[in-house]
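Right, one structure below, let's go through it.
The values are calculated or read from the model by the stated rules, or taken from the named source; none is laboratory data. Only a predicted model underlies this, so the values are computations on that prediction, with no experimental measurement involved. Don't worry about glycine lacking a Cβ; one is built from the backbone with ideal geometry, like all the others, and counts go over all protein chains shown. Protein only, heavy atoms only, side chains kept; ligands, DNA and RNA dropped before computing areas. Shrake-Rupley method; radii C 1.70, N 1.55, O 1.52, S 1.80 Å.
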Amino acid sequence: MNTSTKVIAVFLACLLILVGISNLLSDNDQEQHVARIGKEIISLNEYKSLYQNYSSATSSSETQKKLKYDLLNALIEQKLLLNLTSELDLEVGEESIKDHIKNTKYFQNDTGEFDKNKFNEMLNSLHITEEEYVLKLKRILPAIMLMTSLFKDNYPITYGEKVDEQIYKHR
């Protein structure tokens, strides 16, 4: 696997996580849709939120046009991946979700241990409950784990030793 493929895979995984977290903030059933990909919908708010995260780094009109196109393509790829995981009936269990949360750097203290206070602070800053966060992870983690199983080298996500071992063992 060449370097550009790895970079794209890592970018898509990070984008999947960022969009998933940004979607936590915008659960409006009456919002406009940009596109429908199978069962998945790209909402206008989802697209605008993602664009606002990246648009400040660009200055030229041409760069912004390319950014809009690239972000829409990334969202479409994300929705296709979510459709695929749904069609394959891929799900994650409670242990995988707990391991993922415990292994997320943002929720760890300086010694690398899970810090419930940091976890709660992050959830509060996102204005979501623990249950809402877990539901989002149940939706997003199967897609991330599928990507992990497809791209073996230097993938930036860990699910805990037991789950990681199973993923890498069955490639």
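Screening region 39-59 for residues that are hydroxyl-bearing (Ser, Thr, Tyr) and open to solvent by less than 50 Å² (accessible area, probe 1.4 Å) and picking the one that is farthest from GLU87 (Cα to Cα) gives THR58. SER96 falls short on exactly one of the conditions (1) at pLDDT below 85; (2) small (Gly, Ala, Ser); (3) part of a helix (DSSP H, G or I); (4) under 26 Å from LYS138 (Cβ atoms), and that condition is (1).
Note on region 92-127: residues that are free of Cβ contacts under 8 Å to residues at least 24 places away in the same chain, under 18 Å from the mean Cα position of the chain (by Cα) and open to solvent by less than 50 Å² (accessible area, probe 1.4 Å) total 5. Considered as a group, the residues in region 128-171 that are open to solvent by less than 40 Å² (accessible area, probe 1.4 Å) and modelled with pLDDT under 65 include one that is farthest from THR85 (Cα to Cα), and that residue is GLY160. It is to be established whether one or more residues within region 114-126 are of a type outside the set (Ser, Thr, Tyr), modelled with pLDDT under 85 and within 30 Å of ILE41 (Cβ to Cβ). For region 114-126, residues of a type outside the set (Ser, Thr, Tyr), modelled with pLDDT under 85 and within 30 Å of ILE41 (Cβ to Cβ): present. For ASN53, the conditions (1) more than 20 Å from LYS138 (Cα to Cα); (2) at pLDDT 80 or above are fulfilled apart from (2).
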